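Reviewing the structure listed below.
The values are calculated or read from the model by the stated rules, or taken from the named source; none is laboratory data. Quick caveat: nothing in here was measured; it's all calculated off a predicted structure. With ideal geometry, Cβ positions are generated from the backbone for all residues, glycine too; neighbour counts draw on all protein chains shown. To get the accessible areas, we keep the full protein, side chains included, count just its heavy atoms, and leave off ligands, DNA and RNA. Shrake-Rupley method; radii C 1.70, N 1.55, O 1.52, S 1.80 Å.
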Amino acid sequence: MLASESSKTRAGWIDVSVPLRSGMVHWPDNPPVRIERMLDIEHGDAANVSTISMGSHTGTHMDAPLHFVRGGKGLDEMPLEATIGRARVIEIHDPQSVKPDELRPHGIHSGERVLFKTQNSARRWHKEAFIEAFVYVSQEAARYLATQEVLTVGVDYLSVGGFLKDGVETHQALLEAGIWVIEGLDLAEVKPGEYELICLPLKVERGDGAPARAILRVI
Ligand SMILES: [Zn+2]
(Lines give C-alpha, C1' and ligand atoms only; values in the text may rest on other atoms or scores of the structure.)
Protein backbone atom coordinates (compact mmCIF):
# COMPACT_ATOMS: atom_id res chain seq x y z
CA MET A 1 0.00 0.00 0.00
CA LEU A 2 1.21 3.46 -0.85
CA ALA A 3 1.01 5.99 1.94
CA SER A 4 0.16 8.70 -0.56
CA GLU A 5 -3.23 10.39 -0.84
CA SER A 6 -3.99 8.48 -4.00
CA SER A 7 -6.12 5.55 -3.09
CA LYS A 8 -6.41 3.76 -6.43
CA THR A 9 -5.82 0.06 -6.03
CA ARG A 10 -4.09 -2.28 -8.48
CA ALA A 11 -7.50 -3.61 -9.51
CA GLY A 12 -8.52 -0.06 -10.47
CA TRP A 13 -10.79 0.78 -7.56
CA ILE A 14 -10.74 4.44 -6.55
CA ASP A 15 -11.76 5.33 -3.01
CA VAL A 16 -14.13 8.29 -3.27
CA SER A 17 -14.94 8.47 0.44
CA VAL A 18 -13.42 11.05 2.77
CA PRO A 19 -11.54 10.08 5.95
CA LEU A 20 -13.38 10.56 9.25
CA ARG A 21 -11.49 12.36 11.99
CA SER A 22 -12.20 14.34 15.14
CA GLY A 23 -13.00 17.96 14.50
CA MET A 24 -13.71 17.55 10.80
CA VAL A 25 -16.20 19.71 8.91
CA HIS A 26 -19.91 19.02 9.44
CA TRP A 27 -23.22 20.72 8.67
CA PRO A 28 -23.42 23.77 11.00
CA ASP A 29 -26.26 22.60 13.28
CA ASN A 30 -25.18 18.94 13.29
CA PRO A 31 -23.12 17.36 16.11
CA PRO A 32 -19.30 17.41 15.91
CA VAL A 33 -17.16 14.39 15.10
CA ARG A 34 -15.30 12.90 18.04
CA ILE A 35 -13.23 9.75 17.71
CA GLU A 36 -11.41 8.93 20.94
CA ARG A 37 -9.43 5.91 22.06
CA MET A 38 -11.09 4.65 25.22
CA LEU A 39 -8.85 1.61 25.70
CA ASP A 40 -5.25 2.11 24.62
CA ILE A 41 -2.40 -0.40 24.31
CA GLU A 42 0.01 2.48 24.94
CA HIS A 43 -1.64 2.95 28.32
CA GLY A 44 -1.52 -0.68 29.35
CA ASP A 45 -4.84 -1.91 27.99
CA ALA A 46 -4.94 -5.22 26.11
CA ALA A 47 -6.45 -3.65 23.01
CA ASN A 48 -7.19 -0.37 21.30
CA VAL A 49 -10.88 0.51 21.35
CA SER A 50 -12.39 3.84 20.32
CA THR A 51 -15.65 5.62 20.82
CA ILE A 52 -17.09 7.28 17.75
CA SER A 53 -19.55 10.12 18.08
CA MET A 54 -20.90 11.99 15.06
CA GLY A 55 -24.04 13.06 13.27
CA SER A 56 -25.56 10.67 10.76
CA HIS A 57 -25.02 13.16 7.89
CA THR A 58 -21.29 13.80 8.17
CA GLY A 59 -18.41 12.75 5.93
CA THR A 60 -19.27 10.43 3.05
CA HIS A 61 -22.77 9.26 3.89
CA MET A 62 -26.19 8.41 2.54
CA ASP A 63 -29.63 9.90 3.02
CA ALA A 64 -32.67 7.66 3.34
CA PRO A 65 -36.15 8.98 2.42
CA LEU A 66 -36.79 9.13 6.19
CA HIS A 67 -34.36 12.08 6.39
CA PHE A 68 -37.05 14.39 4.97
CA VAL A 69 -40.15 12.23 4.54
CA ARG A 70 -42.31 11.35 7.53
CA GLY A 71 -42.74 7.58 7.61
CA GLY A 72 -40.29 7.15 4.71
CA LYS A 73 -37.92 4.25 4.28
CA GLY A 74 -34.85 3.98 6.50
CA LEU A 75 -31.40 3.04 5.22
CA ASP A 76 -31.89 -0.51 6.49
CA GLU A 77 -34.59 -0.84 3.82
CA MET A 78 -32.39 0.32 0.96
CA PRO A 79 -32.15 -2.24 -1.85
CA LEU A 80 -28.47 -3.10 -2.37
CA GLU A 81 -28.76 -2.47 -6.12
CA ALA A 82 -29.32 1.22 -5.35
CA THR A 83 -25.60 1.59 -4.76
CA ILE A 84 -23.96 -1.45 -6.36
CA GLY A 85 -23.67 -1.40 -10.13
CA ARG A 86 -23.09 0.91 -13.04
CA ALA A 87 -22.86 4.64 -12.31
CA ARG A 88 -22.13 7.68 -14.42
CA VAL A 89 -19.91 10.53 -13.26
CA ILE A 90 -21.11 13.77 -14.85
CA GLU A 91 -18.95 16.87 -14.66
CA ILE A 92 -20.82 20.05 -13.72
CA HIS A 93 -19.32 23.34 -14.85
CA ASP A 94 -21.84 25.70 -13.24
CA PRO A 95 -20.06 27.24 -10.23
CA GLN A 96 -23.31 27.76 -8.30
CA SER A 97 -25.60 24.77 -8.75
CA VAL A 98 -26.60 21.83 -10.90
CA LYS A 99 -29.33 23.06 -13.22
CA PRO A 100 -31.67 21.23 -15.64
CA ASP A 101 -30.17 23.02 -18.67
CA GLU A 102 -26.76 21.54 -17.96
CA LEU A 103 -28.23 18.07 -17.33
CA ARG A 104 -30.49 17.72 -20.39
CA PRO A 105 -27.70 17.13 -22.98
CA HIS A 106 -26.50 14.14 -20.93
CA GLY A 107 -29.64 12.13 -21.67
CA ILE A 108 -30.06 10.86 -18.12
CA HIS A 109 -32.46 7.93 -18.14
CA SER A 110 -34.63 5.84 -15.85
CA GLY A 111 -32.84 3.63 -13.35
CA GLU A 112 -29.48 5.42 -13.65
CA ARG A 113 -27.04 6.11 -10.85
CA VAL A 114 -25.55 9.56 -11.44
CA LEU A 115 -22.73 11.21 -9.52
CA PHE A 116 -22.06 14.91 -10.00
CA LYS A 117 -18.47 16.08 -10.02
CA THR A 118 -18.57 19.81 -9.33
CA GLN A 119 -16.00 22.39 -8.35
CA ASN A 120 -16.41 21.16 -4.76
CA SER A 121 -14.17 18.16 -5.40
CA ALA A 122 -11.12 20.26 -6.31
CA ARG A 123 -11.35 22.08 -2.97
CA ARG A 124 -10.48 19.10 -0.78
CA TRP A 125 -13.45 20.32 1.23
CA HIS A 126 -13.15 17.66 3.92
CA LYS A 127 -9.99 19.35 5.16
CA GLU A 128 -11.56 22.82 5.27
CA ALA A 129 -14.08 24.65 7.42
CA PHE A 130 -17.72 24.62 6.30
CA ILE A 131 -18.29 26.29 2.93
CA GLU A 132 -21.65 28.07 2.65
CA ALA A 133 -21.47 28.57 -1.12
CA PHE A 134 -20.76 24.97 -2.19
CA VAL A 135 -22.17 23.75 -5.50
CA TYR A 136 -25.52 22.03 -4.88
CA VAL A 137 -28.38 20.48 -6.86
CA SER A 138 -31.02 23.12 -7.56
CA GLN A 139 -34.61 22.22 -6.76
CA GLU A 140 -35.40 22.46 -10.48
CA ALA A 141 -32.69 19.91 -11.25
CA ALA A 142 -33.90 17.69 -8.40
CA ARG A 143 -37.39 17.67 -9.89
CA TYR A 144 -35.90 16.96 -13.33
CA LEU A 145 -33.98 13.97 -11.91
CA ALA A 146 -37.19 12.72 -10.28
CA THR A 147 -38.99 13.02 -13.64
CA GLN A 148 -36.19 11.05 -15.30
CA GLU A 149 -36.69 8.39 -12.59
CA VAL A 150 -33.03 8.04 -11.66
CA LEU A 151 -32.25 5.43 -9.01
CA THR A 152 -29.44 7.17 -7.14
CA VAL A 153 -27.82 10.61 -7.02
CA GLY A 154 -24.37 11.35 -5.59
CA VAL A 155 -22.79 14.72 -4.80
CA ASP A 156 -19.37 15.97 -3.73
CA TYR A 157 -20.34 18.05 -0.70
CA LEU A 158 -22.16 17.40 2.56
CA SER A 159 -25.61 18.09 1.16
CA VAL A 160 -27.42 17.60 -2.13
CA GLY A 161 -29.37 20.82 -1.47
CA GLY A 162 -27.77 24.20 -0.85
CA PHE A 163 -27.07 25.94 2.45
CA LEU A 164 -28.31 29.33 1.32
CA LYS A 165 -30.98 27.99 -1.03
CA ASP A 166 -32.88 24.81 -1.97
CA GLY A 167 -31.78 22.82 1.08
CA VAL A 168 -35.20 21.47 1.98
CA GLU A 169 -36.80 21.60 -1.49
CA THR A 170 -34.06 19.60 -3.22
CA HIS A 171 -34.00 16.92 -0.52
CA GLN A 172 -37.78 16.62 -0.63
CA ALA A 173 -37.94 16.39 -4.42
CA LEU A 174 -35.40 13.56 -4.51
CA LEU A 175 -36.36 11.66 -1.37
CA GLU A 176 -40.12 11.83 -1.99
CA ALA A 177 -39.42 10.29 -5.41
CA GLY A 178 -37.63 7.40 -3.69
CA ILE A 179 -34.22 8.39 -5.04
CA TRP A 180 -31.28 7.24 -2.88
CA VAL A 181 -28.79 10.00 -2.13
CA ILE A 182 -25.04 9.76 -1.55
CA GLU A 183 -23.38 12.88 -0.11
CA GLY A 184 -19.87 13.87 0.84
CA LEU A 185 -18.04 12.18 -2.04
CA ASP A 186 -14.52 13.19 -3.05
CA LEU A 187 -14.41 12.95 -6.85
CA ALA A 188 -11.14 14.87 -7.26
CA GLU A 189 -9.35 11.89 -8.81
CA VAL A 190 -12.27 10.74 -10.95
CA LYS A 191 -12.83 11.72 -14.57
CA PRO A 192 -16.33 11.94 -16.05
CA GLY A 193 -17.51 8.63 -17.49
CA GLU A 194 -18.95 5.21 -16.76
CA TYR A 195 -17.97 3.37 -13.61
CA GLU A 196 -18.82 0.44 -11.45
CA LEU A 197 -20.00 1.74 -8.06
CA ILE A 198 -20.01 0.13 -4.65
CA CYS A 199 -21.33 2.28 -1.81
CA LEU A 200 -22.59 0.67 1.36
CA PRO A 201 -24.02 2.72 4.22
CA LEU A 202 -24.08 1.27 7.73
CA LYS A 203 -27.23 -0.75 8.37
CA VAL A 204 -28.84 1.49 10.97
CA GLU A 205 -32.41 0.50 11.85
CA ARG A 206 -34.78 3.27 10.75
CA GLY A 207 -31.62 5.19 9.80
CA ASP A 208 -32.24 8.66 8.33
CA GLY A 209 -28.60 8.70 7.29
CA ALA A 210 -25.39 6.79 7.91
CA PRO A 211 -21.70 6.92 7.04
CA ALA A 212 -20.73 4.97 3.93
CA ARG A 213 -17.65 3.75 2.10
CA ALA A 214 -17.84 4.45 -1.63
CA ILE A 215 -15.55 3.16 -4.36
CA LEU A 216 -15.54 3.42 -8.16
CA ARG A 217 -13.85 1.46 -10.93
CA VAL A 218 -13.73 2.41 -14.60
CA ILE A 219 -15.79 0.10 -16.80
ZN1 LIG B 1 -28.73 15.24 2.71
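Quick look at the values:
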| read-out | value |
| --- | --- |
| Rg/Rg_globular for the chain, with Rg_globular taken as 2.2 N^0.38 Å and Rg from C-alpha atoms | 1.01 |
| The chain - percent relative contact order, Cα under 8 Å, separation 6 or more | 29 |
| Solvent-accessible area per residue for the stretch 33-107 (1.4 angstrom probe, square angstrom) | 56 |
| Per-selection Kirkwood Rh - the stretch 38-158 (Cα, Å, 1 d.p.) | 16.9 |
| Backbone HN-Hα couplings from phi across the stretch 204-219 [Karplus 6.51/-1.76/1.60, Hz, Gly and Pro as x] | 8, 4, 6, x, 7, x, 6, x, 9, 9, 10, 9, 10, 9, 4, 8 |
| Cα long-axis angle, helix 167-176 against the chain (0 to 90 degrees, to the nearest 10) | 80 |
| Backbone N under 13 Å from the LEU202 label point (7 Å along Cα→Cβ), restricted to the stretch 25-68 | 33-36, 50-62 |
| Pair ALA122, VAL69: separation of 7 Å Cα→Cβ label points (nm) | 3.6 |
| Extreme residue, positive dipole direction of the chain, given options PRO28, SER17, THR60 (C-beta unit charges) | SER17 |
| Of all accessible heavy-atom area on the stretch 79-219, the percent that carbon and sulfur account for (1.4 Å) | 53 |
| Inter-centroid distance (Cα atoms) of the stretch 8-71 relative to the stretch 157-197, Å | 19 |
| Trypsin sites (Lys or Arg not before Pro) restricted to the stretch 38-103 and DSSP loop, no more than 12 other C-beta within 10 Å | ARG70 |
| Relative contact order [Cα under 8 Å, 6+ residues apart], the stretch 116-219, whole percent | 25 |
| J(HN,Hα) series, the stretch 48-62, from Karplus relation 6.51 cos²θ - 1.76 cosθ + 1.60, nearest Hz, glycine and proline x | 8, 9, 10, 9, 10, 10, 6, x, 7, 10, 10, x, 6, 8, 10 |
| Unsatisfied cross-links (Cα-Cα over 23 Å) in the set LYS99/LYS191; LYS127/LYS203; LYS73/LYS203; LYS165/LYS203; LYS165/LYS191; LYS127/LYS191 | LYS127/LYS203; LYS165/LYS203; LYS165/LYS191 |
| Mean shadow area of the stretch 146-219, taken as a quarter of the surface of its Cα convex hull (nm²) | 5.8 |
| Top positive-direction residue, dipole computed over the stretch 78-186 with Cβ charges, set GLN139, SER121, VAL155 | SER121 |
| Restricting the stretch 115-175 to trypsin sites (Lys or Arg not before Pro) in coil, as DSSP defines it, with at most 12 other Cβ within 10 Å | ARG124 |
| Table column - 3J(HN,Hα) (Hz), the stretch 9-18, Karplus curve with 6.51, -1.76, 1.60, x for Gly and Pro | 8, 4, 7, x, 6, 10, 7, 10, 9, 9 |
| For the stretch 1-159, share of DSSP beta bridges that run antiparallel, in % to the nearest 5 | 40 |
| Dipole moment magnitude, nearest 20 debye, the chain about Cα centre, only Lys, Arg, Asp, Glu C-beta charged | 360 |
